[in-house]
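The values are calculated or read from the model by the stated rules, or taken from the named source; none is laboratory data. Because the structure is predicted, anything quoted here is derived from the model rather than measured. All Cβ positions, glycine included, derive from the backbone under ideal geometry; neighbour counts span all protein chains shown.
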Amino acid sequence: MSNDSTEDIYTDPTPTKPLDIVQSGTPTSADLGDAEPFSETWTQAIKVLDEELIGGPRYLTPRALAKELGVSVVSARKIWRAMGFPNIKADEKMFTEQDVAAMATIVELVREDVLNEETAISVARSIGQMTDRMVVWQIEALVEDKMNAEQLSDPVARREVVRLLPSVIESLEDVVTYSYRRQLNSALQRLTVRVEAGLVASEEGRDGTEDDAPLPLARAVGFADMVSYTALSRTMSERTLAQMVQRFEQTCAEIIAVGGGHLVKTVGDEVLFNAETPEAGADIGLALSQALSEDPVLPSARVSVVWGRVLSRLGDIYGPTVNLAARLTALADPGTVLVDQLTANVLADDERYILIPQPPQSVRGFGPINPSMLLRGAGDGIEVD
């Protein structure tokens, strides 16, 4: 971390001491359950909850924070922004002891040469982006539950969620820690056991001249795209549309997880997933197509699966394999799964799959391709309880 002195615009703060989080006679966050919204008790309880969440009162300015960390204000700001938080005014007391401890962890990783600065910032950004999305998701899920279960308006439901938070924060935090470690373990298995095997398997049917040949990871990449989403969204209420999107995401996420795949991202009416073998990708694609076609609420989907190589960065995947899968999705008929020629060749001798060649297509960026429709052969495929 740089320790330059380019931040002279920041003035040293007047030294202050942290206040006790809860002073004698002050309402606690537990009092939110009984307090009248916006009453003095409610306001005090919100203040206490605020301090409990961030580890105490805000008493450090940006310069004071940087001094505690032993870095420049520029470096401290880089970490803060990487975590997904906005710039703080020079004289604003915004940071707590918990902020110092968390950011010091990132700084020490750089000082001890465990990570370089660029990697440390990238890691901080990954944490910030994932937790930001997670918190918004959880809050909206709680609000929707209050609205549906108690027939509340959106503003009232949000106030009720504020009352609920003190009783669920610790439990949710425990599950987040558990999930992180469990997901890290799954990633470890992929790193140590399956990467080389996947690369060897991906050589089948290839001559080394393919566009994705230099990329490091062999993956089955697939898309599932809801049919007529744009037209449907114009005719639905906000709540109905939200419920449809949520049902689509939940259905896809469950099938992908059961099939041993990885949900890379969702974008409204579309999900992107990958799997470590062509067979796993094929099974997931077929299960998605069947489940969405049979769902009485959701429209059917166009699905594609392509076996190839990808680059994994910033929680996403990139490369010609991903682009080809996206193009194939647009070519698929509703309720069907398309694969490219190489993927069809890999699956051709497996009795679990039936491949029906389709007319050649000219695809932007790839030229002529020979897609095949993928159907279920022997066996039942993925079973979701």
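Values for this structure:
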read-out	value
Every residue from the stretch 129-182 that is of a type in the set (D, E, K, R) and in contact (Cβ under 8 Å) with a residue 40 or more places away in the chain	D132, E144, R159, R163
Single condition A280 does not satisfy, out of (1) without any contact (Cβ under 8 Å) to a residue 60 or more places away in the chain; (2) under 26 Å from A344 (Cβ atoms)	(1)
Those helices (runs of 4 or more DSSP H) lying entirely in the stretch 185-275 with at least 2 residues modelled with pLDDT of 80 or more and under 26 Å from Q341 (Cα atoms)	238-258
Some residue of the stretch 30-46 being at pLDDT 90 or above, assigned to a helix (DSSP H, G or I) and of a type outside the set (D, E, K, R)	no
Residue match in the stretch 279-291 (condition: among the charged types (D, E, K, R) and surrounded by fewer than 20 Cβ atoms within 10 Å (Cβ to Cβ))	yes
Check on V176, at pLDDT 90 or above, surrounded by 10 or more Cβ atoms within 10 Å (Cβ to Cβ), among the β-branched types (V, I, T) and under 22 Å from M103 (Cα atoms)	yes
Meets criteria (buried (at least 16 other Cβ atoms within 10 Å of the Cβ) and part of a loop (DSSP other than H, G, I, E, B)) for L298	yes
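Conditions tested, residue by residue: (1) surrounded by fewer than 17 Cβ atoms within 10 Å (Cβ to Cβ); (2) aromatic (F, W, Y); (3) out of contact with any strand residue (DSSP E or B) (no Cβ under 7 Å at 6 or more places or on another chain).
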| position | (1), (2), (3) |
| --- | --- |
| A76 | no, no, yes |
| E92 | yes, no, yes |
| F95 | no, yes, no |
| D99 | no, no, yes |
| T105 | yes, no, yes |
| L109 | no, no, yes |
| V114 | yes, no, yes |
| W137 | yes, yes, yes |
| R163 | no, no, yes |
